[in-house]
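Heads up: the structure comes next, in structure tokens.
The values are calculated or read from the model by the stated rules, or taken from the named source; none is laboratory data. Since the structure is predicted, the reported quantities are computational estimates derived from the model, not experimental observations. For neighbour counting, all protein chains shown are included, and Cβ atoms are generated from backbone atoms with ideal geometry for every residue, glycine included. Note: accessible area is taken over every heavy atom of the protein model, side chains too, but ligands, DNA and RNA are not part of it. Shrake-Rupley method; radii C 1.70, N 1.55, O 1.52, S 1.80 Å.
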Amino acid sequence: MATKRSLATKLGVVAGFERPDAALEQYPTPPELAAHVVHLADLHGDVEGRTVIDLGAGTGMLSLAAALRGPARVVGLELDGDALGVARANERRVAASAPVHWVRGDATRPPLAVTEPATVVMNPPFGAQDGNRNADRAFLATASDIADVSYSVHNGGSREFIEAFAADEGGEVTHAFAAEFRIEAQFDHHTEDARDVDTEVYRIEWT
């Protein structure tokens, strides 16, 4: 197994959004964070030889991280067609050997029929924008429906909500850790060149 550092280095070529949409909370997942999440998933046997689904794939950072770790296949599901175009270009840059299927669709109503054991990896919208509150709840609901294990990034201070939601859906949080998420200025409402946001990553087993 390659190191987490080498995985992050390979992901350094992944391009971000050309025209990010604030309403969709399109913030690129940092390569170091994607490498951390997928490396942890791989250590737990949740990547190699399995179907990995990235809900809200954006430009493909988590999808391609997983594709570099020997899955049976990766499905990157994304609503924004422009982002999917960038993701396909990023796939060529990364040159992963595993098959990656890019699907345009809503992660809260996925056009997928998953019959095999699957792992979800996702950086869902945090619900920070007006009119988009609790957006990550719908992504978790999809994960509970289509996967037997998921890894997801959430706003800091989400543990009580995540554990309660998982319990309600017959799931269990098995691992949780804090992670720093660096957001570069890309929207008019950003007043700083970059800002570090406290986030949390959760591994949930679904039944």
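Figure note: 200, 18, 169 ranked by solvent-accessible area, largest first, 1.4 Å probe, ligands and nucleic acids not counted: 18, 169, 200.
Of interest is the spacing of the C-alpha centroids, which for region 138-164 and region 49-127 amounts to 17 Å. Solvent-accessible area assigned to carbon and sulfur over the chain amounts to 46 percent, based on a 1.4 Å probe.
Of the listed residues 53, 146, the order by accessible area with a 1.4 Å probe, largest first, is 146, 53.
A Gaussian network model of the chain, with springs between Cα atoms under 10 Å, assigns the largest mean-square fluctuation among 107, 176, 66 to 176.
Between residue 48 and residue 106, the FRET efficiency estimated from the beta carbon spacing at R0 = 41 angstrom works out to 0.90.
For region 9-17, backbone phi angles converted through the Karplus equation (6.51, -1.76, 1.60; θ = phi - 60°) give residue-by-residue couplings of 5, 4, 7, x, 8, 6, 7, x, 5 Hz, Gly and Pro being listed as x. Computed with a 1.4 Å probe over protein heavy atoms only, the accessible surface of region 1-74 comes to 39 Å² per residue. For the chain, the square roots of the Cα gyration tensor eigenvalues, ordered a ≥ b ≥ c, give a/c below 1.5, which places it in the rounded category.
Given 0.36 nm per residue, what is the gain on full extension from residue 97 to residue 177 after removing their alpha carbon distance, in nm?
Extra length available between residue 97 and residue 177 comes to 25.8 nm.
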